[in-house]
């Protein structure tokens, strides 16, 4: 008997159902969206990667590298890069990468933070897709875009599992295109 591949909507539904919500975590008034249940379910995790892959193959004829943000972008990025037969590059919190790095700072609620990338990880004009689990205020993702712009990379798009729309983080990315699976 022949079976049809799961539809786009069925895969999106599997992803939506796999995200768990925790009220008042980590502090009162925050509704935390947890992607870890997606990792516990091989079908849900595959659905995320399938959806990202399908979108990218339809949208971009060439991608040179997948860049993942510390730490949850590391969960999705390598699997996606493997599907395309291309490399994966991490953007990490300051002080976590060996060798020479390029850094960019961003604002937190109470202070500043920095992200870094190794100087030799990206070549000018490489076509890059950035992957992370979630965009809330957009600070980390905007800093990663700044890093890649410093390195003269061609940022094709940012892929996200979740967007928290009320926090308007996507506005911090300016003209960088964004593809999101689930919006809250």
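The values are calculated or read from the model by the stated rules, or taken from the named source; none is laboratory data. Source: prediction; values computed, not measured. All Cβ positions, even for glycine, are placed from backbone atoms using ideal geometry, and neighbour counts span all protein chains on display.
Data for the structure
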read-out: Residue match in region 167-180 (condition: over 16 Å from residue 65 (Cβ atoms), in a strand (DSSP E or B) and free of Cβ contacts under 8 Å to residues at least 24 places away in the same chain); value: no
read-out: Checklist (1) outside any helix (DSSP H, G or I); (2) more than 19 Å from the chain's Cα centre (by Cα) applied to residue 32, failing item; value: (2)
read-out: Subset of region 14-38 (residues that are surrounded by 15 or more Cβ atoms within 10 Å (Cβ to Cβ) and out of contact with any strand residue (DSSP E or B) (no Cβ under 6 Å at 6 or more places or on another chain)); value: 14, 18, 38
read-out: Extreme residue, surrounded by the fewest Cβ atoms within 10 Å (Cβ to Cβ), among residues of region 131-144 that are under 23 Å from residue 102 (Cα atoms) and in contact with a helix residue (DSSP H, G or I) (Cβ under 6 Å, 6 or more places away or on another chain); value: 137
read-out: Search result, residues across region 51-66 that are in contact with a helix residue (DSSP H, G or I) (Cβ under 8 Å, 6 or more places away or on another chain), in contact (Cβ under 8 Å) with a residue 60 or more places away in the chain and either more than 22 Å from residue 136 (Cβ to Cβ) or surrounded by fewer than 16 Cβ atoms within 10 Å (Cβ to Cβ) (or both); value: 56, 63, 65
read-out: Test: residue 159 is assigned to a helix (DSSP H, G or I), closer than 18 Å to residue 60 by Cβ and in contact with a strand residue (DSSP E or B) (Cβ under 6 Å, 6 or more places away or on another chain); value: no
read-out: Tabulated pairs, region 24-39, first over 20 Å from residue 73 (Cα atoms), second assigned to a loop (DSSP other than H, G, I, E, B) and modelled with pLDDT under 95, C-beta under 9 angstrom, 6+ apart or interchain; value: 24/30
read-out: Total residues in region 67-87, condition without any contact (Cβ under 8 Å) to a residue 24 or more places away in the chain and buried (at least 20 other Cβ atoms within 10 Å of the Cβ); value: 1
